[in-house]
Amino acid sequence: MSRWSAPQRPMAAALMLLSTQLAVGACRRVPADDPVASAAATARSSPLVVPLRAPPDSAIPEGPLGTSIRRGHALLVATRDSLPDYVGNRLRCVSCHLDDGRRAYASPLVGVYARFPQYRARNARVNTIEDRINGCFLRSMNGRPLPLEGRDIHDITAYLAWISRGIPVGATVKGQGFVKLQPLPPDTVRGAASYASICARCHGAQGEGTVLAPPLWGPQSFNIGAGMARLRTAAAFIRHNMPFDNPGSLTDQQAFDIAAYVVSRPRPDFPGKENDWPNGDAPPDAAYPTKGASTHRTAATQQP
Ligand code: HEC
Ligand code: HEC
């Protein structure tokens with residue numbers, strides 16, 4: 001590779017992008033100071049962002065598709081009662097995907113149908129929406145995957161596609177995922193105290209759940225392989241959504257302290273978890289060591 005080819009190429013790409021933009025009728029303004037750089041930056045960094053908006057239930061069509069959408073919705077709300085063979089705890093999908101998958105920053109499912117297929121580092125594969133649904137059955141629900149040819153996963157997919165209507169493929173929905181927090185060093189002793197005073201009245205002193213709220217740890221909770229078992233994910237969920245009757249009232253530090261306490265408590269194992277992130281790109285808050293990471297580390301420490 002010659003020495004000038006590296007800088008040359010991105011420059012050529014930027015010029016091409018710029019001329020494409022000018023050609024499509026300058027529908028986007030390019031600031032005058034550095035048109036080449038800003039055209040390239042715009043093309044790289046602005047996925048289409050759309051409001052979180054799902055169609056009303058009253059618009060669900062009549063006929064077999066409508067029946068499937070309604071049944072899929074019911075499965076998310078009454079997951080364990082409807083699918084006892086596939087759910088291994090006392091959670092339901094909407095325990096975390098709040099408001100039937102319509103709540104911002106609670107990993108909303110509005111638009112999710114337009115975000116798959118998707119590459120996921122956790123299994124280093126391109127995942128379909130059905131793979132992703134079954135990921136939550138296996139981990140968040142501590143259960144078993146739904147058969148891909150069965151009616152249940154078709155109905156859940158039909159509901160997810162329905163609440164994703166109107167969201168363009170590849171778009172980002174406002175409030176997608178969880179709120180972004182700057183990681184803070186957590187203190188589980190402070191977390192335990194805050195848990196007892198703020199959370200225990202609904203989730204139980206031992207995290208076992210009550211009639212008011214589902215379990216947070218113990219045998220009836222999500223397993224160690226679940227996204228919610230990761231510190232940053234749990235902190236972000238809790239910061240924005242809990243306590244349920246006064247969301248947003250915690251500080252970031254309190255959310256990290258309480259989340260650290262919750263994820264430090266015992267919960268069901270997830271056999272095979274060491275095979276996650278096989279390429280050694282596990283996130284810093286992964287809840288367990290993985291083989292990929294140890295291969296990665298060994299390679300790095302083998303330097304003389
Ligand atoms: C314990 C909380 C929890 C429960 C219960 C749960 N999920 Fe999830 N779900 C998550 C988290 C956390 C994520 C995303 C972050 C991650 O994967 O680390 C997620 C992501 C998803 C996604 C992808 C969302 C996106 O924007 O890409 C789908 C689809 C999904 N879940 C479906 C389900 C279904 C269906 C159920 C019920 C069978 C369910 N989930 C139950 C926590 C949960
Ligand atoms: C007023 C009662 C209430 C309080 C207080 C409360 N929660 Fe919740 N929490 C809920 C409910 C209800 C849900 C599930 C929503 C559903 O099923 O529709 C939930 C869901 C959750 C979930 C996801 C599901 C699960 O069980 O894993 C987590 C995590 C969570 N709460 C953590 C907390 C933490 C931490 C606190 C304290 C900061 C807290 N909650 C305070 C009622 C409460």
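The values are calculated or read from the model by the stated rules, or taken from the named source; none is laboratory data. These numbers come from a predicted model, not from an experiment. Cβ sites come from the backbone with ideal geometry, for glycine too, and all protein chains shown count toward neighbours.
Values for this structure:
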quantity: Count of residues meeting criterion [part of a helix (DSSP H, G or I) and either out of contact with any helix residue (DSSP H, G or I) (no Cβ under 9 Å at 6 or more places or on another chain) or near ligand 2 (Cβ under 10 Å from one of its atoms) (or both)] in segment 209-233; calculated: 3
quantity: Close pairs from segment 141-169: first without any contact (Cβ under 8 Å) to a residue 24 or more places away in the chain, partner in a loop (DSSP other than H, G, I, E, B) and of a type outside the set (Ser, Thr, Tyr), Cβ under 9 Å, at least 6 apart; calculated: 153/145; 153/146; 153/147
quantity: Matching residues in segment 240-268 - criterion: being of a type in the set (A, V, I, L, M), within 26 Å of residue 88 (Cβ to Cβ) and outside any loop (DSSP other than H, G, I, E, B); calculated: 258, 259, 260, 262, 263
quantity: Number of positions in segment 189-208 that are crowded, with 16+ Cβ neighbours inside 10 Å, more than 7 Å from ligand 2 (Cβ to nearest atom) and either in a loop (DSSP other than H, G, I, E, B) or among the aromatic types (Phe, Trp, Tyr) (or both); calculated: 3
quantity: Identity of the residue in segment 81-90, over 21 Å from the mean Cα position of the chain (by Cα) and more than 16 Å from residue 135 (Cα to Cα), that ends up surrounded by the most Cβ atoms within 10 Å (Cβ to Cβ); calculated: 82
quantity: Verdict on residue 219 being within 16 Å of ligand 1 (Cβ to nearest atom), surrounded by fewer than 16 Cβ atoms within 10 Å (Cβ to Cβ) and at pLDDT 95 or above; calculated: yes
quantity: Any hit, segment 157-164, residues being outside any helix (DSSP H, G or I) and within 13 Å of ligand 1 (Cβ to nearest atom); calculated: yes
quantity: Residue in segment 234-244 that is β-branched (Val, Ile, Thr), within 10 Å of ligand 2 (Cβ to nearest atom), within 15 Å of residue 103 (Cβ to Cβ) and within 22 Å of the chain's Cα centre (by Cα) present; calculated: yes
quantity: Helices (runs of 4 or more DSSP H) contained entirely in segment 40-130, each with at least 1 residues that are of a type outside the set (A, V, I, L, M) and over 21 Å from residue 226 (Cβ atoms); calculated: 64-77
